[in-house]
Amino acid sequence: MSEKNTAVPSSDEKFLRMTTQPVEKLVCKLAVPTIISMLITTFYNLVDTFFVRQLENDSMVAAVGVVLPLMSIIQAFGFFFGHGSGNYISRAFGRRDYKDAEIMATTGFVYAVSIGLLLAIFGILFRNPLSLLLGAKTEATISATVEYMVYILIGAPIMMGSVVLNNQLRMQGNAFFAMLGLTAGSFINIILDPLLIFQKGDLLFGGAVIMPFGAGMGIAGAALATSISQTVSLVLLFIAMSRSDNIRINLKNFSPKFYYIKGVIQGGLPSLARQGLASLATTCLNHAVGIYLIEDIMIDAAQAAMTGTSKVMLFLSSALIGFGQGFQPVCGFNYGAGKYDRVCKAYYFCVKVAVVVLLIIAVIGFIFAEPIIQTVAGTSPLAAEIAAFTFRAQLATFPLMSWVILCNMLLQNIGMTTRATIVAMARQGLTFVPIVLLLPLIISACGGNPLTGIQLSQSVADLLSLAISLPIGLAVLKQLKNSQGVPKEKL
């Protein structure tokens, strides 16, 4: 990063800037690129569902949602090895032990690709039982799930490797190259989706567009487009790793020593837990639909509706996560410098801004729920009706996520791992899993429609996760406020 006169600022200058400039200015400046990166990362997740919806088949849209837990598991292991090796690399850089960093970079990458390869082999061999385990319920959805899942499994080693390199680049301070890899992959995915899904003469967007050519692979084409786009990202990330002073992946540097495995576990386990619970939550949602709903048409419509709602909410939440990533370096620098008042000030600034922005988004989304959600939530009127209610219910509690997500980032940054893990697990694991399985039963026992319980589960989980994270966050902030000059280990 260069200042005027093309001079590279010293560590002291950077430290001074991060600990003296107004925290509001710092957070906003750092948040812009991370928000853009997060939006790009999650946008292509919407693309598959959007184009699959053009096939006008709720079972195929539902299949995308059924495979979502599998993709979460792939990402979970990718983040496990990526964050674990990346954190280790950054510490090795601090020690100027570049050989050690090279060993960890290669070791983390090789383990990730190996796990991805095993998952691909066993997943393809047992693809039918796996589709049932993930929550496919009707024959049509099971068939579509297998078609979609096979290409996702084939691309699993590539996806894991891509996630690892992306995180290793970020931890080396090269977020720009990482963002380029993600952006290129997203654009490739958008271009390939219609070309692989549809065939010549197919009508898109209600007949407004006629495909001039195409492979006609159907839902399998969407999965193949995702795998190809991830391959492009991996290649670009490899090129980025070979540039300048970045650590290079060299198989000669691989080490099976437990020392490096332990390093990955220490740095990556929280990420594996969070992503793993997200996979479990989606799987439980799929099974709840099958347990409490009877007719195949209703099951397919509900799963298609939940798929679209989840994808849109994930996209909206990515902006908040990106904003929080702008807060994290400000938090880390000032906490390390003992300037706890600036940590608290930055945190409350972020919460206030996030609440206002998310409230505006929620109001707009509430008003225009039908046209927004129908772009990705199935094609039948029943699916559209289920999705609109679910979307509005989740938007009602959406602003509350400002505290939950930012609180998790605060706790993780200042090293309060146990409390950070509790907050991270609260929304998708500790609260959502039991609620989505029990709330429909309770509502049904009271004479209501169990579907309503499924639709309200995430909103209720959001309220409970706020109830869990609010006292934890307030207690820590009180400690910070009253600890001027107190050594960090006493907090």
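The values are calculated or read from the model by the stated rules, or taken from the named source; none is laboratory data. Model, not experiment: these values are computed from the prediction. In this analysis, Cβ positions are derived from the backbone assuming ideal geometry, glycine residues included, and neighbour counts consider all displayed protein chains. In case anyone asks, the SASA skips ligands and DNA or RNA and just uses the protein heavy atoms, side chains included. Shrake-Rupley method; radii C 1.70, N 1.55, O 1.52, S 1.80 Å.
D for the stretch 61-144, whole µm²/s, Stokes-Einstein with Kirkwood Rh over alpha-carbon pairs at 20 °C and 1.002 mPa s: what number? Show your work: numbers first, answer last.
Numbers: Rh = 14.8 Å.
It diffuses with D of about 145 µm²/s by this estimate.
If N is the number of residues in the stretch 212-319, what value comes out of its Cα radius of gyration divided by 2.2 N^0.38 Å? Present the calculation step by step, with values, prior to reporting the outcome.
Numbers: Rg = 20.5 Å, N = 108, 2.2 N^0.38 = 13.0 Å.
So the Cα radius of gyration is 1.57 times the expected 2.2 N^0.38 Å.
Dipole of the chain (Lys/Arg Cβ +1, Asp/Glu Cβ -1, origin at the Cα centre): which of Leu477, Ser233, Thr138 lies farthest to the positive side?
Leu477
What pairs in Lys99/Lys257; Lys99/Lys339; Lys29/Lys311; Lys200/Lys311; Lys352/Lys481 have C-alpha atoms more than 23 Å from each other?
On the way: Lys99/Lys257 15 Å; Lys99/Lys339 34 Å; Lys29/Lys311 28 Å; Lys200/Lys311 28 Å; Lys352/Lys481 18 Å.
Cα-Cα > 23 Å for Lys99/Lys339; Lys29/Lys311; Lys200/Lys311; rest within.
Looking at the chain, which longest stretch skips every one of the GluC sites (Glu not before Pro) that is in a DSSP loop with at most 16 other Cβ atoms within 10 Å, leaving the sites themselves out?
Working: sites that count: Glu3, Glu56, Glu295.
It works out to 57-294.
With +1 on each Lys and Arg Cβ and -1 on each Asp and Glu Cβ, how big is the dipole of the stretch 217-346 about its Cα centre, in debye rounded to the nearest 20? Please list the in-between numbers first.
Numbers: 10 positive and 5 negative charges, 184 e Å.
For the stretch 217-346, the charge dipole is close to 880 debye.
Rounded to the nearest 20 Debye, what is the dipole magnitude of the chain about its Cα centre when Lys and Arg each give +1 and Asp and Glu each give -1 at the C-beta?
2120
Can you list the HN-Hα couplings for the stretch 427-434, worked out from phi with the Karplus curve (6.51, -1.76, 1.60; θ = phi - 60°), rounded to whole Hz and with x for Gly and Pro?
Values per residue, Gly and Pro as x: 6, 8, x, 5, 10, 5, 4, x Hz.
On C-alpha positions alone, give me the angle between the axis of helix 58-95 and the longest principal axis of the chain, in degrees, nearest 10.
In the chain, helix 58-95 runs at an angle near 10 degrees to the longest axis.
I'd like the accessible area for Asp48: 1.4 Å probe, protein heavy atoms, all chains in place, Å² to the nearest 10.
10
Distance between the C-alpha centers of the stretch 362-405 and the stretch 219-290? Whole Å please.
The distance from the Cα centre of the stretch 362-405 to that of the stretch 219-290 comes to 29 Å.
In whole Hz, with x marking every Gly and Pro, tabulate ³J(HN,Hα) for the stretch 304-313 from phi via Karplus 6.51 cos²θ - 1.76 cosθ + 1.60, θ = phi - 60°.
So the J values, rounded to whole Hz, are 5, 5, 5, 4, x, 4, 4, 5, 5, 5.
Rounded to the nearest 10 Å², what accessible area does Tyr151 have for a 1.4 Å probe in the complete protein model?
70
Would you mind working out the accessible area per residue for the stretch 50-168, using a 1.4 Å probe, and quoting it in Å²? Spell out each step's value before the answer.
Details: 4310 Å² over 119 residues.
Spelled out: the 1.4 Å probe surface of the stretch 50-168, per residue, equals 36 Å².
With every atom except the alpha carbons ignored, what do you get for Rg and Dmax of the chain, in angstroms?
22.9, 73
Rounded to a whole number, what % of the accessible area of the stretch 347-460 do carbon and sulfur atoms account for, probe 1.4 Å? List each step's numbers first, then the result.
Values: 3410 of 4620 Å².
Of all accessible area on the stretch 347-460, carbon and sulfur atoms account for 74 percent.
For Cα pairs less than 8 Å apart in space and 6+ apart in sequence, what is the mean separation divided by the residue count of the chain, i.e. the relative contact order in percent? Display every interim value, and only then the final one.
Working: 811 pairs, mean separation 106.4, N = 491.
It rounds to 22 percent for the chain.
For Ser227, what is the net charge nearby, where nearby means another residue's Cβ is under 14 Å from its Cβ and Lys, Arg count +1, Asp, Glu -1?
Details: positive: none; negative: Asp48, Glu147, Asp193.
Taking every Cβ under 14 Å from that of Ser227, the sum is -3.
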